[in-house]
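Presented below is the structure to which this report refers.
The values are calculated or read from the model by the stated rules, or taken from the named source; none is laboratory data. Bear in mind the structure is a predicted one, so any value in this text is a computation, not a measurement. For neighbour counting, all protein chains shown are included, and Cβ atoms are generated from backbone atoms with ideal geometry for every residue, glycine included. Keep in mind that these areas ignore ligands, DNA and RNA; they rest on the heavy atoms of the full protein, side chains included. Shrake-Rupley method; radii C 1.70, N 1.55, O 1.52, S 1.80 Å.
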Amino acid sequence: MAERLIIVGAGMAAGRVLEHLTEEAPDRFEITLFNAEPRGTYNRIMLSPVLSGEKTYEQIVTHDADWYARRGVTCRFGERVLSIDTQARVVEAEHGQVSYDRLILATGSAPFIVPVPGHRLPGVLAYRDLDDTDRMISAARPGARAVVIGGGLLGLEAAAGLRARGMAVTVLHLMDHLMERQLDPEAGALLKEDQERKGIDVILDAATEEIAGKTRAEAVVLKDGREIPCDIVVMAVGIRPSFQLAQTAGIACGRAITVDAQMRTQVPGVYALGECVEFNGALFGLVAPLYDQARVLAHELTGVADAFVPRELATKLKVTGCDLFSAGDFTGGDGREEIVFRDPSARIYKRLVLERGRLIGAIIYGDVTGANWLHQLIQEGRDVSTMRETLIFGPDAQGTDGLSRSSLAA
Amino acid sequence: MDGAPLPALADDAEPRVTVKSTCAYCGVGCGVLLTPDGKGGLEVRGDPDHPANRGRLCSKGSALGETVGLAHRLLAPVVNGRATGWDDALQLVADRFRETIAEHGPDAVALYVSGQLLTEDYYVANKLAKGFMGTANIDTNSRLCMASTVAGQRRAFGTDTVPQTYEDLEEADLIVLVGSNMAWCHPVLYQRVLAARAARRTKIVVVDPRRTASCDGADLRLALEPGSDVALFNRLLADLYEGGALDATFLRHTEGFDETLAQAMNDDISVTGLAEEDVQAFVRLWRDNEKVVTVFSQGVNQSSAGSDKVNAILNCHLATGRIGKPGCGPLSVTGQPNAMGGREVGGLANMLACHLDLENADHRAAVRDFWGCDRVPEAPGLKAVDMFRAVGDGRIKALWVIHTNPAVSMPDADAVREAIRGCDFVVVSDVTAATDTARLADVLLPATAWGEKSGTVTNSDRTISRQRAVLPAPGLTRPDWAQLAEVGRRMGFKNAFDYASEAEIFREYAALSGIAGRFGKDFDISGLAGLDRAGYDALPPVRWPVSATRTGGRFFADGQFYHADGKARLVPVAWRPPVAKVGPRYPFRLNTGRIRDQWHTMTRTALSPRLAAHLAEPFLEIHPEDAADLGIGLADLCVLDSPQGRAILRARITDDVLRGQVFAPMHWTGETAPAARIDAVVAPVVDPVSGQPESKASVVKVSRMQAAWYGFAVSARNVTPTGDYWARAVTKAGHRVEMAGYAAPPNWETAAREMFGLAQAEVSILEDRAAGSARLAFREAGRLVAVLFVSPGPVAVMRDYLVQMPEVPDLTLLSGRAPADRPDPGVVVCACFDVGMNTILRAIESDGLVSVDEIGKALQAGTNCGSCRPELAALLTRVQTQTEQTPVRPTSPNLTQPKEAAE
């Protein structure tokens, strides 16, 4: 008889686990999938084109009703899980209890809303899921004004989408350059210029004092007194893991649900993955490690030895119209050497950071060809001294075959 | 400027006319067919009717059409840096020379002229100096070239006469090349030799310390110690005597045999460093082949024992009677288009005119009467090296340099440059202001260039050919004879220099030679003295003498010589080593010479991208073991120090040179590679008889240049390079530059903008400050205009791909590599058809080519001038060797590695 498996959350990590399980062990589990959103898994990364209008929701769905039906997955979408009894192995949901043999928590994360005065006013939105996206779309009348708080990836995507829908957009960023966790100041400056070329205002060092408005958001007031009038405010300052359900159930949590390399929580039969977990002190927000976790978890459930090993984090991103790549440690300092490429007219900037002959970090703006190879070199940590002059041109530019070292015939 | 308009160019609609002329370069004197395109350009082909080349041309001759543009030309007289008109300029020249003579005597002035001059120019220059300025201080760059042959032939024959003709190369059974890299320096003659060898299995011996392209396929190569030729030919003479191979009958036409033989037997062959069996093989070849032609060139002449070497060779030919016969005799080959014409008119400080002697009072009187002057000098003037010493110490106060570049080409060139700089009054006639010497001139006179000027030249086998004008004289340029004659007139000698045309000068010259003929001299072309303008214009190539009694032919087979007693002289000669001695401070012997595709100081050849592509920078050939001892690696730069000066050159590590010897080309100048002026390190040592400098046996120290940075640049425009070493060459669309320096500039972008003259251009930069490397590309209006690669070591990029800029795709440019669909052609091997080494290697490998002829069929390479054929053969050998050693080659070879490193 099949084991009863409950999955709480239908984000991308959960979707990937389901794919593994239904493919590798089709009849082993009787699966119930809960999701607070009234839908199954879609490609959250593709929300930006939905916001900008280039794609529809249907085009970014990865698992539709038919998909679940054919694999016998019981879907309880739009239904919140209220509590878990890990002793009895029962999940209490809005429409009743369900027992499990094994439980996967994939509760993901929630957008962080800066608790400034006025943050609860109507017109203050987050940008996390399809519903947020729909809310922004309905607010986005041409000529209306939007303020996006947060100049990270998500904020810039929101800004681009809103701008594409004809809104006047201002991005407020607390730090002195955009995407400071992925980019250095020079790349950040290029990114800012590119935003401004698209008609998006960017204000750096912008600390929000309050969101002003009587019945709804009307302006964002900065600490320096500047006031930016707006019709909507989008908060995109970060996410917080959602682990309250686990915590309440007595499952060990730190900054998120604590898991081991097999994605096991401290409670037998309960697993977790995705943005809601903490592994060796690290949290996860990018899709690649989530997919690794999904594979490991599926293996764990089906009895295949596997372990989650966090990879060097690299960001290869596309902020609508701008190619970016960022990996490893790109801070400068003693003992670190830099290879820098600048092509201002082509708006290309590349910076590689080396330490003791090894590539430890890279930032690429504008032309990301060869970036995967650089990422691989960072991960491998091998000596690249002999490739220094041509490292930036990628793997095809290596080796000495056919090169001459003087203007003489041999 | 006078404001005179440029002459109108021919209307494009006019039918194209092809005119016969002769090549601008070496002493082979090839006939060319010139077809102007009406827009200033010129199509150049070999003249199938010319006896020197029968339609062949070498790479340099084939590329003449690329060198006739006006971009580099001097188009108006310049006085003290300001353009002016002829009237002012020539009056100043005439006044200053007249005043200097009046104040300090005639020997305070000097003319330094050149084998570039046409015979008519040369004649007028000689007449002006010796007849009317009253000084014998007229010498020529031929002094650096074949003065030792002049001296040797005069000692042996009583006249400076080449007995043989080029046809002898086809009729010989044995050809001995002594100090001659004929394959590169006289390529058309070499092709004649190779054709003869193919037809009749001619044997070839090469006597040269260095393995050159001429050694390819030689039956015997004698890599003797530099300067030991006398010992070799003394041994030959002694062995021929002992073997009974001398010609007793012919010896009756000679004097000096006994002393000469005694001296020869006294010499020690061991100084040559040759293996005894090789020496015996050489003697056997000589003994067994009656028809032997000994070709000799600068390896013989440019020596402190140059005249003795010439006589050592001539002694063997005279003692065996092997002279002046078909396929049999000594054949000196000269380096310049009209070196021979200069000798004939007497354009050297120790000659008079038409083989008449300065020291002979009757000759002087005859010439004086003919010219209508008061007197001619009784003693020789200063030969080149002494002349510039006299310039340096102030004895010569007015100097006129015509078509030559002594600030580069003289030994101890830095000292010569300073001497010229310090001279009171310096006139330079040239076609360009961009030479090291022209930059020092007080007065610059713009001359018509090859293709624009008209006159005659004499080649190495006494064939007089016409050079004809096919292009209009640009700007205010004038023929040299017209400049010289006008100065003569303005100095007060109106009648003597009242020439209307070069034809008139030629008639006077031919008439003077008739006087020489009446003195019994061999140089008599009085048969041409009656040529009218039409006859002169139509003059076909003709070998002198041309007199009532004889035309052309060979000399001396009849035993009639030109010493007073009618006999030849065997000259006793003993080996002596080069003057400079190697030792702990200067442990290397420096050889210098020409390369295949450049000529002299490159003022013309450097204009051709095809010619620049073969060896696009100056280099030092050094033996692999010496290089290893000195820590000199592949493509490192070498510093050469001698007691005279310093030069920096690219290492070319090769066992073509023996240990302890290095070789450097002579061509690079302040314009093209200012740190590589090789004559700056050459000692001003001369042959005591001929005054010719010992350009091939200086001593030097060699060390690795401790460069902090190396650079390579390609630019659409001219570049003002930076660095302690740089070498600039033209490409099809601009220039390429190699650079290196002891200290890097603080900011490469600033330095590059200055170098390229691109203050505003867009730039993309790749910089690795810690490693000391940088790559920069500049664009204007989106078009690529310049690129610079900087590296802490020799820059490693695909140069021959990059020099195709701006056709190189912008995106891949800074990687320094060709994309897979546009392979790097490699260094140009065949300059005639612009075929690169990689292209050839790929064809050899992929099409399985096994012979030079197959390469020619597949790629055309080597099928025109043939001077790259030895290199094609070497490439075939390289591929075959690799294939044998590594049946499956994992990667393609590093094409720039020297052979021994690649194997």
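Taking amide H as placed 1.01 Å from N in the peptide plane, the amide H of A:ASP323 sits under 5 Å from that of A:GLY366, each at least 5 places away or on another chain.
Association of chains B and A removes close to 3100 square angstrom of accessible area from solvent, both sides included, for a probe radius of 1.4 Å.
Take peptide A:387-397, look around each residue's Cβ out to 10 angstrom, count Cβ atoms belonging to other protein chains, and average those counts. Don't skip to the answer; put the middle values down first.
On the way: counts 0, 6, 16, 9, 2, 5, 8, 1, 0, 5, 5.
Averaged over the peptide's residues, the number is 5.
Protein heavy-atom accessible surface, 1.4 Å probe, per residue over the stretch A:127-182: 37 Å². Put a dot 7 Å past the Cα of A:ARG347, heading toward its Cβ, do the same for B:ALA743, and the two dots end up 4.1 nm apart.
Listed values for the stretch A:255-272 are Karplus-derived 3J(HN,Hα) couplings in whole Hz (6.51 cos²θ - 1.76 cosθ + 1.60, θ = phi - 60°), namely 6, 7, 6, 7, 10, 9, 5, 9, 6, 8, 7, 6, 9, x, x, 10, 10, 8, and x replaces Gly and Pro.
Scanning residues 5 or more positions from A:VAL148 or on other chains, those with amide H under 5 Å from its amide H are A:THR170, A:VAL171, A:LEU172, A:VAL234, with H placed 1.01 Å from N in the peptide plane. With 18 Å as the limit, the listed pairs B:LYS309/B:LYS696; B:LYS521/B:LYS567; A:LYS192/A:LYS318; A:LYS198/A:LYS318; B:LYS581/B:LYS696; B:LYS453/B:LYS732 have B:LYS453/B:LYS732 beyond it between alpha carbons.
For chain B, build the charge dipole from Cβ charges (+1 Lys, Arg; -1 Asp, Glu) around the Cα centre, then report which of B:TYR742, B:VAL300, B:SER148 sits farthest towards its positive end. Final value for the positive-end residue is B:TYR742.
Counting only DSSP beta bridges whose two residues both lie in chain B, roughly 60 percent are antiparallel.
Basic side chains Lys and Arg get +1 at the Cβ, acidic Asp and Glu get -1 at the Cβ, and with that the dipole of the stretch A:154-297 about its Cα centre reaches some 580 debye.
Residues of the stretch B:666-690 falling in the label zone of B:HIS72, defined by backbone nitrogen less than 15 Å from a point 7 Å along Cα to beta-carbon, are B:667-674. Using a Förster distance of 41 angstrom, determine the FRET efficiency expected from the C-beta separation of B:THR877 and B:GLU43, and round it to 0.05. The value I calculate is 0.70. For B:GLU43, the residues whose modelled amide H falls within less than 5 Å of its own, excluding neighbours fewer than 5 places apart on the same chain, are B:THR35, B:ASP37.
Would you please classify the overall shape of the stretch B:549-649 from the alpha carbon gyration tensor, given that a ≥ b ≥ c denote the square roots of the eigenvalues, rounded means a/c under 1.5, and beyond that prolate means a/b larger than b/c while oblate covers the rest? List each step's numbers first, then the result.
Working: a/c = 3.51, a/b = 1.63, b/c = 2.16.
Because a/c hits 1.5 or more and a/b fails to exceed b/c, the stretch B:549-649 counts as oblate.
Taking a ≥ b ≥ c as the square roots of the eigenvalues of the Cα gyration tensor, the protein assembly as shown is classed as prolate, since a/c reaches at least 1.5 and a/b is larger than b/c.
Spacing of the modelled spin labels on B:ARG550 and B:ASP629, each 7 Å from Cα toward Cβ, amounts to 5.3 nm.
To the nearest 20 Debye, how big is the dipole of chain B about its Cα centre, given +1 on the beta carbon of each Lys and Arg and -1 on that of each Asp and Glu?
420 debye
Sequence-ordered 3J(HN,Hα) estimates for the stretch B:776-785 from the Karplus curve with 6.51, -1.76 and 1.60 and θ = phi - 60° stand at 10, 10, 10, 10, 10, 6, x, 9, 5, 10 Hz, glycine and proline given as x. Put a dot 7 Å past the Cα of B:GLN280, heading toward its Cβ, do the same for B:GLU99, and the two dots end up 7.2 nm apart. Computed from the C-beta positions of A:THR215 and A:ARG311 and an R0 of 45 Å, the FRET efficiency is 0.40 to the nearest 0.05.
Within the stretch A:40-115, list the chymotrypsin sites (Phe, Trp or Tyr not before Pro) lying in a DSSP loop whose Cβ has at most 16 other Cβ atoms in a 10 Å radius. Write down the numbers at each step before the final one.
On the way: sites: A:TYR42, A:TYR57, A:TRP67, A:TYR68, A:PHE77, A:TYR100, A:PHE112; in loops: A:TYR100, A:PHE112.
Listed in order of number, the matching sites are A:PHE112.
The share of accessible area on the stretch B:321-374 that comes from carbon and sulfur is 41 percent, using a 1.4 angstrom probe. Shielding of peptide A:176-182 by partners, expressed as the average count of other chain Cβ atoms within 10 Å per residue Cβ, is 0. Using +1 at the Cβ of each Lys and Arg and -1 at the Cβ of each Asp and Glu in chain A, identify which of A:SER385, A:GLY152, A:ILE363 lies farthest towards the dipole's positive end. Of the options given, the answer is A:GLY152.
Restricted to Cα atoms, chain A shows a radius of gyration and a Dmax of 23.7, 85 angstrom. Measuring r between the beta carbons of B:ARG368 and B:GLU418 and using R0 = 51 Å, the FRET efficiency lands at 0.85.
Rounded, prolate or oblate: pick one for the stretch B:588-704, where a ≥ b ≥ c are the square roots of the eigenvalues of its C-alpha gyration tensor, a/c under 1.5 means rounded, and failing that, prolate if a/b is larger than b/c, else oblate. Could the numbers behind the result be given before it?
On the way: a/c = 1.70, a/b = 1.05, b/c = 1.63.
Verdict is oblate for the stretch B:588-704.
Using only side-chain charges placed at the Cβ, +1 for Lys and Arg and -1 for Asp and Glu, the dipole size of the stretch A:85-237 relative to its Cα centre rounds to 420 debye.
Computed with the Debye formula from one identical point scatterer per Cα of the stretch A:124-235, without solvent, the log10 of I(q)/I(0) at q = 0.12 Å⁻¹ comes to -0.37.
A 1.4 Å probe over all protein chains sorts B:SER409, B:SER465, A:SER385 by accessible area into A:SER385, B:SER409, B:SER465, starting with the largest.
The aspartates and glutamates within cross-link reach of B:LYS60, meaning a Cα-to-Cα straight distance under 13 Å and a gap of 8 or more places when in the same chain, are B:ASP597, B:ASP834. Whole-Hz Karplus values for the stretch B:377-391 come out as x, 8, 10, x, x, 7, 6, 2, 4, 5, 4, 6, 5, 5, 5 Hz, taken residue by residue from phi with 6.51 cos²θ - 1.76 cosθ + 1.60 and θ = phi - 60°; glycine and proline positions read x.
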